[in-house]
1. Could you go through the range 186-193 and let me know if any residue there is crowded, with 19+ Cβ neighbours inside 10 Å, of a type in the set (Asp, Glu), touching a residue at least 24 places away in the same chain (Cβ under 8 Å) and not in a helix (DSSP H, G or I).
2. Sort out which residues of the range 278-298 are under 16 Å from the mean Cα position of the chain (by Cα) and among the basic types (Lys, Arg), and write them in order of number.
3. Quick check on my filter: what residues within the range 424-433 are out of contact with any strand residue (DSSP E or B) (no Cβ under 8 Å at 6 or more places or on another chain) and surrounded by fewer than 22 Cβ atoms within 10 Å (Cβ to Cβ)?
4. Give the number of residues within the range 159-185 that are crowded, with 18+ Cβ neighbours inside 10 Å and assigned to a helix (DSSP H, G or I).
5. Would you confirm, using the coordinates I've provided, whether residue 102 is at pLDDT 95 or above and either in contact with a strand residue (DSSP E or B) (Cβ under 9 Å, 6 or more places away or on another chain) or surrounded by 13 or more Cβ atoms within 10 Å (Cβ to Cβ) (or both)?
6. Just give me the residues in the range 214-232 being touching a residue at least 40 places away in the same chain (Cβ under 8 Å) and under 22 Å from residue 152 (Cα atoms), in sequence order.
7. Residue by residue through the range 373-389, note down the ones that are surrounded by 14 or more Cβ atoms within 10 Å (Cβ to Cβ) and closer than 17 Å to residue 327 by Cβ.
8. Conditions first: (1) at pLDDT 95 or above; (2) surrounded by fewer than 19 Cβ atoms within 10 Å (Cβ to Cβ). Residue 226 passes all but one, so which condition is the exception?
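The values are calculated or read from the model by the stated rules, or taken from the named source; none is laboratory data. The shown structure was predicted, so the numbers you read here are calculated from the model rather than taken from an experiment. Cβ placement follows ideal geometry from the backbone for every residue including glycine, while neighbour counts extend to all protein chains displayed.
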Amino acid sequence: MSQEIAHSERQRDEDVLIQVRDLKTYYGSEQLIGGRPVKAVDGVNFEISRGETLGLVGESGCGKTTLGRTLLQLETPTAGEIRFDGTDITTLRGYELKEWRRNAQMVFQDPDSSLNQRMTVGEIVREPLDVYEWKTPQQRRQRVRELLDTVGLKREHYYRYPHQFSGGQRQRVGIARTLTLEPEFIVLDEPVSALDVSVQAEVINLLERLQDEFGLTYLFIAHDLSVVRHISDRVAVMYLGNIMEIGPTEELFTDPANPYTRSLLSAIPAPDPTSQKERVHLRGTPPNPRYPPSGCPFRTRCPVRIRPEEYEQLDEEIWDSLNRLEEILEERRRSRGAVDRFREKVGLDTRYATAAEIREELFEPLAVPDQVESVLDDVSAEIEAGDEMAAIEVLQAEFRTVCGSEKPSHHTVSDSGRTSYCHRHRDEHRDPKTAFEERT
Ligand code: SF4
């Protein structure tokens, strides 16, 4: 290795503040014997450089907040590493963990619920200094007054209570409190989504100014994509506990590589209503993270899911209905208990639809080709026999591809190092962009 390369690698390592490796946070596995955990964060890898803002986006329930809380050790990870300045903080306990926590803070979405209404603003901001017994009480009061000044509040606000402030001012109090112990890293969890649009801009400007002034590193969690685009250097797109794409903001917004990113971004209303921007219909809601789909987590909703060759030209609506049928059978397999099975066996009514009813609901108005009809006949026979698993197997034998059978890998998709988690980046498949052009 040349000295120059060794130097630039060392430089890059020194620039990285946070390094996350194969991080998993699962809930609930300890309570249910043999039960399935909720996979809130399911094996994510990324880095955040010093002074950088990494935006984290995705639909609600995708694991964004759990990931943010895990980075701060407010949640215990199930597996993986979080290196902060080279130290794996998942191994810290007791005094070491308390000392480390000075470095990393969180700003919450709802300033009302994160501030104690019975304490004055001065007491709220001073509390972390009291906990860490920082210098003398007089010096603490002085520091709080300076911080109120820093976040655009008045020193005389020290003795007022949170209810005497507007939403934007209360968020400023929350931000002042996070700064008391001079952290290097702040997780901002939807910090402006509870505020009016005009106030949002003020708080965003404040966050940007503080970042420059104190060299802060941010993880900015939000569902408002335009806010994320404005403030972030890079963006990570999350779905069902996985990072689907991560890379520099403008690149990712102007030329998304991953089918999920493309679908999510196309849901943003264009400023010009006559715009010809391609719109992708993102069907339904994400699956239950306790039962994530096999293979790619996005496969039950992906508009460009890889299909078997003989079904490449199958009508989009029929394909959607086949996906939906598999979901219904999966849900039914999990929820149908012994009582339901007994009722069916003795010919009593149950709350479950018959095979004919499901088929009518999903396929009735569609012109289903004979080859698909014949598969549906076999599926119906298994449903009538009460064996959903066999019905699912019939469907999968005919329609399953790599999207359902293998987890994708992260593929580097640009010189900037942007990565996308999708099988379509493999040479043997058409890339997502071409697939979208063909299917939409
Ligand atoms: S792996 Fe398949 S299902 Fe997943 S995003 Fe790519 S094309 Fe869609």
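1. So the first thing to find is which residues in the range 186-193 are crowded, with 19+ Cβ neighbours inside 10 Å, and the list is 186-192.
From what is left, the residues that are of a type in the set (Asp, Glu) are 189-190.
Narrowing the set further to residues that are touching a residue at least 24 places away in the same chain (Cβ under 8 Å) leaves 189-190.
Narrowing the set further to residues that are not in a helix (DSSP H, G or I) leaves 189-190.
Yes.
2. Once the filter is applied, which keeps residues that are under 16 Å from the mean Cα position of the chain (by Cα) and among the basic types (Lys, Arg), the range 278-298 yields only 290.
3. Let us first name the residues in the range 424-433 that are out of contact with any strand residue (DSSP E or B) (no Cβ under 8 Å at 6 or more places or on another chain), namely 424, 427-431, 433.
Hits for the range 424-433 are 427, 428, 429, 430, 431, 433.
4. Initially, the range 159-185 is screened for residues crowded, with 18+ Cβ neighbours inside 10 Å, giving 162, 165, 168-180, 183-185.
If we keep only those that are assigned to a helix (DSSP H, G or I) as well, we get 162, 168-179.
Total meeting the criteria: 13.
5. Numbers: at pLDDT 95 or above: no; either in contact with a strand residue (DSSP E or B) (Cβ under 9 Å, 6 or more places away or on another chain) or surrounded by 13 or more Cβ atoms within 10 Å (Cβ to Cβ) (or both): yes.
Here the answer is no, as residue 102 does not meet what is asked.
6. Taking the range 214-232 as the starting set, the residues that turn out to be touching a residue at least 40 places away in the same chain (Cβ under 8 Å) are 215-223, 225-226, 228-229, 231-232.
Listed by number, the residues that qualify are 215, 216, 217, 218, 220, 231.
7. 375, 376, 379, 380, 382, 383, 388, listed by residue number.
8. (1)
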